[in-house]
Amino acid sequence: MTIETIFGYPVMLLTLDFDLEKLTDFAHDEQSNDSEGLQHTNLGGWHSKVLVDDEIDNTEFDKLKGTIGEHLDVYHSEFFKDTTFTHDVKSLVSNMWLNINDKGHGNALHHHPDGMFSGTFYIKHDNTFENGDLVFQNPLDSKLDYILRSHHLHRGNVKEYGQVISKEIRVLPEENMLIYFPAWLFHWVDVNLSDNRRISLSFDTVIL
């Protein structure tokens, strides 16, 4: 497990050890049961409807959901380590959905307005940028060009931008990788340029 920062916010990455063949079959079964899915942020590809526990009978998915909840407690504690609440609060997973993207498919720039934290678990990814990076946009994006120009922080003076003033930060996924991040961070998923399918499970959380 590693805790990194993206534009000053904590982001948690873990490498898990799940049976990805079983989870791939699960994703394909869900797609077969609802081939239409949803048109949300997906540019092509398939975006499932919200996964409802009562309608799912899959041991590996149940194990994964439990593990996501366990590590969510750790991320919650890290995120709020300098915050004092008047009562006990806890983060809980509020919804989950599957994404299947073949060649030419991606996810447009978006954030998750209904969540506090969001996350993704990668079921299938070949760990190459051609298969598609997860990309976070700097919250200062609309003002960043002005800031850099007005303070002479242009390419002629800066060899490499640090993450605080970078326009974007890229995360190269790998199979069995789980990532948690603030839901309000705008992000997108690059178009899959490879012949290998990309499958992920995404989720939002709320605080109770």
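The values are calculated or read from the model by the stated rules, or taken from the named source; none is laboratory data. As the structure is a computational prediction, the values presented were derived from the model and not from experiment. Positions of Cβ are backbone-derived with ideal geometry, glycine not excepted, and every protein chain shown enters the neighbour counts. Calculation scope for accessible area: heavy atoms of the full protein, side chains included, ligands and nucleic acids excluded. Shrake-Rupley method; radii C 1.70, N 1.55, O 1.52, S 1.80 Å.
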Stokes-Einstein translational diffusion, segment 153-208 - Kirkwood Rh over all Cα pairs, 0.692 mPa s, 37 °C, in µm²/s = 220
Taking Cα pairs under 8 Å and at least six residues apart, what relative contact order does segment 71-208 come out at, in percent?
-> 50
Could you sort Ser194, Ser35 by accessible area so the largest value comes first, with the probe set to 1.4 Å?
-> Ser35, Ser194
Find the all-direction average of the projected area of the Cα convex hull for segment 97-208, expressing the result in square nanometres with one decimal place.
-> 8.3
Quick one: Karplus J couplings for segment 143-148, per residue in order, coefficients 6.51, -1.76, 1.60, θ = phi - 60°, nearest Hz, x for Gly and Pro?
-> 10, 5, 4, 5, 4, 5
Tally up the carbon and sulfur contribution to the accessible surface of segment 85-132 as a whole percent, 1.4 Å probe, everything protein left in place.
-> 54
Please work out which option in (i) 176; (ii) 141; (iii) 126 gives volume of the Cα convex hull per residue in Å³ calculated from these coordinates, and answer with its label.
-> (ii)
List the residues whose amide H sits under 5 Å from the amide H of Lys49, counting only those 5 or more places along or on another chain, with H placed 1.01 Å from N in the peptide plane.
-> Leu38
If you place +1 on the Cβ of every Lys and Arg and -1 on the Cβ of every Asp and Glu, how big does the dipole about the Cα centre of segment 3-119 come out, in debye to the nearest 20?
-> 520
Principal axis dimensions, largest first and in whole angstrom, of segment 69-108 by Cα = 48, 18, 16
Within segment 41-109, DSSP-loop trypsin sites (Lys or Arg not before Pro) with at most 13 other C-beta atoms within 10 Å are Lys81, Lys90
Ranked from the most accessible area to the least, with a 1.4 Å probe and all protein chains present, what is the order of Tyr9, Tyr180?
-> Tyr9, Tyr180
Measuring from its Cα centre, segment 65-137 shows a charge dipole (+1 at each Lys and Arg Cβ, -1 at each Asp and Glu Cβ) which, in debye to the nearest 20, is 140
Return the calculated 222 nm mean residue ellipticity for the chain, to the nearest 500 deg cm²/dmol, obtained by summing -39500 (n - 2.57) across DSSP H runs with n ≥ 4 and dividing by the residue count.
-> -7000 deg cm²/dmol
The answer for the chain, accessible area per residue at 1.4 Å probe in Å², is 54
Under 27 Å from the Cα of Lys22, which lysines turn up, not counting those fewer than eight places away in the same chain?
-> Lys49, Lys63, Lys65, Lys103, Lys124
Reach of Lys143 by Cα under 28 Å, taken over lysines that are not fewer than 8 positions away in the same chain = Lys159, Lys167
As computed over segment 40-130, the Cα convex hull volume per residue (Å³) = 154
Order of exposure, largest accessible area first, which applies to Leu98, Leu153, Leu193 with probe 1.4 Å = Leu193, Leu153, Leu98
Would you mind telling me the share, in percent, of accessible area of segment 1-83 contributed by carbon and sulfur at probe 1.4 angstrom?
-> 44
